Amino acid sequence: MIRIGILQLTQNLDDAVNGFKQGLEKLNVAAVFIYRNADGNASLLSKLAQELFDNHVDLIFACSTPSALAAKALNGKTPVIFTPVFDPISTGLVDTMSAPGGKITGMSGMVNAADKVSFLKQLLPTAKKVAMLVATKDQNTQLEAANFRIAAKNNIKLQEIPINEQTELSLLSEKLTDDLDALFLPIGRILEENFSSIAYYAETASIPIIASYAPNVSMGALGALCANHTNLGEACAKQAKAILIDGKDPKDIPVGIQAEPDILLNAFVADNLAISLPTNLLVKAKEIFN
């Protein structure tokens, strides 16, 4: 029986794990799964990855950039498949998207920053000044913020609000000024796990939130353009089959990107803020929360 190790930083990516398992089932790949979850403590990932290796797994499915880095650092040739790593090149996981090199490949969770800016402008056509929270200690946040900064340069005026510690979110009441038309949240654990606090201050200031983490939309963001983690997991299952059943080398399997990210909208929030959701987005939306 094939043995697959599941290495997670948090439970936030359970959808990717479920998609991965469902994908393997659809492909008739039977496997035993061994789980290790760091519960948000990235410093534990190296130890947990080693435990999976010591359990003689045939492949490690690593959810998140830190998990993938820990799995890649293991001695030996155990193949690794990752998702939803935002930028696997800058983080040093792969050489290129088309030719990863080494023992690792996977599916990127990247959504093109220009597409996010376009989505924001379609959702809020009159938006001129947008705030962006930047978790300074989160590598994924830093990467997306850098890309969004470039994409937004000729489209909107961007006001960046650095967040060094969770406690600094309580200062948002002072940072979210009256001249802001929207608040953009990049991906990042501190922003996702403290979204309720962020949403409270944004709602108080009547500022719509454009999120990058799907669950935030049902919790009060106006909308999000984001990769579907379940679909990413299913795509990873195809890569796993190619390695485990078809005998392909991970270095020869290109890193994939989801071509059509999900559009999520919150009609209740739109009504509260007197915002008319564009028909073209309503038609294409994966889900509309009321």
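See the values below:
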{"read-out": "Evaluation of residue 120 against (1) in contact with a strand residue (DSSP E or B) (Cβ under 7 Å, 6 or more places away or on another chain); (2) closer than 21 Å to residue 20 by Cβ (one fails), failing number", "value": "(2)"}
{"read-out": "So residue 274, is it in a helix (DSSP H, G or I), at pLDDT 95 or above and small (Gly, Ala, Ser)", "value": "no"}
{"read-out": "Residue that is of a type in the set (Ser, Thr, Tyr), more than 25 Å from residue 66 (Cβ to Cβ) and in contact (Cβ under 8 Å) with a residue 40 or more places away in the chain, where the choices are 212, 173, 218", "value": "218"}
{"read-out": "Every residue from the range 48-101 that is part of a helix (DSSP H, G or I) and either at pLDDT below 95 or of a type in the set (Gly, Ala, Ser) (or both)", "value": "49, 65, 66, 67, 68, 70, 71"}
{"read-out": "Residue in the range 77-99 that is surrounded by 15 or more Cβ atoms within 10 Å (Cβ to Cβ), under 27 Å from residue 190 (Cα atoms), free of Cβ contacts under 8 Å to residues at least 40 places away in the same chain and of a type in the set (D, E, K, R) present", "value": "no"}
{"read-out": "Residues of the range 122-168 that turn out to be farther than 24 Å from residue 197 by Cβ, over 21 Å from the mean Cα position of the chain (by Cα) and not in a strand (DSSP E or B), as a count", "value": "8"}
{"read-out": "Residue that is nearest to residue 212 (Cα to Cα) [pool: residues in the range 7-47 that are crowded, with 21+ Cβ neighbours inside 10 Å and of a type in the set (A, V, I, L, M)]", "value": "13"}
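Condition check ((1) over 17 Å from residue 235 (Cα atoms); (2) over 17 Å from the mean Cα position of the chain (by Cα); (3) without any contact (Cβ under 8 Å) to a residue 60 or more places away in the chain; (4) not assigned by TED's automatic domain parsing to the domain that holds residue 58) across all residues:
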| site | (1), (2), (3), (4) |
| --- | --- |
| 16 | no, no, no, no |
| 19 | no, no, no, no |
| 23 | no, yes, no, no |
| 34 | yes, yes, yes, no |
| 40 | yes, no, no, no |
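The values are calculated or read from the model by the stated rules, or taken from the named source; none is laboratory data. If you're wondering where the values come from, they're calculated on a predicted model, not measured in any experiment. Cβ sites come from the backbone with ideal geometry, for glycine too, and all protein chains shown count toward neighbours.
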